[in-house]
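The structure appears below as structure tokens.
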Amino acid sequence: MGFWILRLLFLIPGTPLMILGGVYFGPIEGGILSTIGLVMSATLIYFFSNKVSVVKEKRHKDLSILIKTYNYKLLALGMICPIVPVDVLCILSAANGIKYSTYILTIVLANAPLRLLYSYIGVSFTKSTGGLILTLVSIALMFIVSMKMWNTLKKTNTGLPLK
């Protein structure tokens, strides 16, 4: 659990910890421990973000509009996209007034599929090449779908293509 807190200090993504959880504890226990660690680190981000306003409306106008319009939905979309810097999105959502209960529930539910897939990757390295391939294909599909949703959301609300 300490690694989940330390990762914030060194700006390390949570993905490696989810995979390591699967390697050392198995997919179920690793997924549960990853959930606990994710909630702890997300809680720290939330309370830190409420003290600091991060979004500068003039500088990041497109992003500011999207976050104010779709706060928890945008957070959920970012959680399912494997390449989004989730901690940054969490900071932005919290700084723009999302309720703590909505914030944590969104993070836990939206990130559940990736947490389980990453935990399973850890086990698949040593036990099942087919399972590893299926897991990686699932993650790639989640990436493609989330990017299409992001592009649609961005075009709808700003009239601009994704940069």
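Values in this text are rule-based calculations from the coordinates and carry no lab data. Quantities reported herein were computed from a predicted structural model and do not represent experimental measurements. Don't worry about glycine lacking a Cβ; one is built from the backbone with ideal geometry, like all the others, and counts go over all protein chains shown.
A few notes on this one:
- Highest-first arrangement of 137-144, 86-93, where packing means the average Cβ count within 10 Å: 86-93, 137-144
- Contour excess over end-to-end distance, with Cα ends at Ala140 and Thr43 and 0.36 nm allotted per residue: 32.1 nm
- Segments 77-85, 1-9, 13-21, 113-121 sorted - mean Cβ within 10 Å per residue, highest first: 113-121, 13-21, 77-85, 1-9
- Annotation: extensible slack from Lys148 through Tyr100 equals 14.5 nm (criterion: 0.36 nm per residue apart, minus Cα-Cα distance).
- Rounded to 0.05, the FRET efficiency of the Ile133 and Phe10 pair, given R0 = 25 Å and the Cβ-Cβ distance, is 0.20.
- Derived scalar couplings between HN and Hα for the stretch 33-41 equal 5, 5, 4, 4, x, 4, 5, 4, 5 Hz in order, rounded to whole Hz, by the Karplus curve 6.51 cos²θ - 1.76 cosθ + 1.60 (θ = phi - 60°), x for Gly and Pro.
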